Structures are given as C-alpha cells and as structure tokens.
Amino acid sequence: MAAQGVGNEDRAIARRGIMLVVSSPSGAGKTTLTRNLIETEEHITLSVSVTTRVRRPSEIDGVHYHFISKRQFEIMRSSDQLLEWAEVHGNCYGTPREPVERALAAGRDVLFDIDWQGALQLYERMRADVVSVFVLPPSAAELKARLERRAEDSEEIIASRLKNAAEEIAHWPEYDYVLVNRDLDKSFTRLRSILTTERLKRVNRADLEGFVGTLLDGLKAITV
C-alpha cells in the first residue's frame, strides 16, 4: 500500500508522523491497548515523560521515565521544552518537545498515554499533528468490576478512581475518536484501523506528486 509510507516497499513516499493520544478512566483498558499497539505496530514509539518523582526499584531511567530534579524540570518548563506538563501529588510530569518533533519529522508516530488535561495542552501546541482516542468502559458496573479484579487497590482508592472517572468521561467530546471497550480484541482492531487511516492522511503530497510524475513518465515511455 504505497500511500501508507510505512512498509519496505513504499519507503520512497514520505509522511509526517502522528501524535496518537489515548486516554481513558482507570480500568477502561487503555494501558493494555497501548501496550499491544507498541508490540505489534512498526514505526511507533511510546513517549517517555520526564518526572521529578523518585525512581522505583523496578523502573529504568529512560524507559519508564526520564528522572530529573525539580530544578531541571523548572528550566525545561520555563524554556518551552515541554509540550505538556502536570503536577500530581507533589511530583511533576511532562513531555519533552525535542524527541517528539524529531520523531514526527522522521515519519515515526509517537504514542501518548495521558489524561484529558495533557491532551488539551497538546491540542494547544500541535493540534495538526494530534490524533486523539478516548476509551470508554461498557458500563459503570463493569468498570468497578475491572478495578476490583486487578486486586491492586484498596476499596478507598477504587472509590476515588470511580469518582475521578465521572470527571474524565465528561471530556469524551473533545476527542477525535471514541472506543467503547466491550471486547478487547475488537477495540484493539479498531485502534489499529484509526492509526492506519490517519497515516494515510499524512502522506507528504510533494513526495507523492514526485512519485506520480515518475509513474506517468514511465507510462508515456512504454505506450509510445
């Protein structure tokens, strides 16, 4: 499929990368969907945020986060080096601008696992590059059941997550696409379809025009 610009046979036709934002309330399935996308799709990479939070023993610097000091974070924020940022429970998190812009220019897609507030900040800075997807649970009861099945949180934390879910879900109209995650496999297929569709839209027209010109010249040569 030459227009995609993503396979070995079509490397000559360039395209700009996509900032694919996937958001959802906790328990709706966002993390599984995005992990599967990274594992199965070529030319897409997960955005690695910077954070002032202390690194946990299981975390790897540069893989899970870039762990930096509060002073370093303040410098990045004040010098417009962050595309979006937030402070959560006293710790700061943000998306570095430079690696994202470098990836997009090289035709690589960047995946963002962020909330609606981060998505709105990306809209403000680079809306033309952003494709956003909001993942909804099939019902309130199922969302509660999924949180309970994870067996990771106390009843108080689950109640807090459900309360936060109501606020988060209210922002679904701000997204380009919405997936109701009743079935994980079907939702994943739809997410991949969204990515494929948006890739097709971003083929470099100047590059495609050059290809078509060469194609027409070839046709003229063999039909004379």
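Nothing in this text is a laboratory measurement; each read-out follows from the coordinates by a stated rule. Computed from a predicted model, the values in this text were never measured in an experiment. We place every Cβ from the backbone using ideal geometry, glycine too, and count neighbours over all the protein chains shown.
Quick rundown of the values:
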read-out	value
In the chain, lysine pairs closer than 27 Å at Cα, eight or more apart or cross-chain	7
Mean projection area, nm², convex hull over Cα of the stretch 17-201	10.9
Distance in nm between pseudo-label sites at Asn164 and Thr196 (7 Å out along the Cβ direction from Cα)	3.4
Value of [θ]222 nm, deg cm²/dmol, for the chain, DSSP H segments ≥ 4, -39500 (n - 2.57) each, nearest 500	-14500 deg cm²/dmol
All Cα pairs of the stretch 128-220, percent lying beyond 18 Å	63
Average Cα contact separation per residue, the chain, under 8 Å, 6 or more apart, as relative contact order %	32
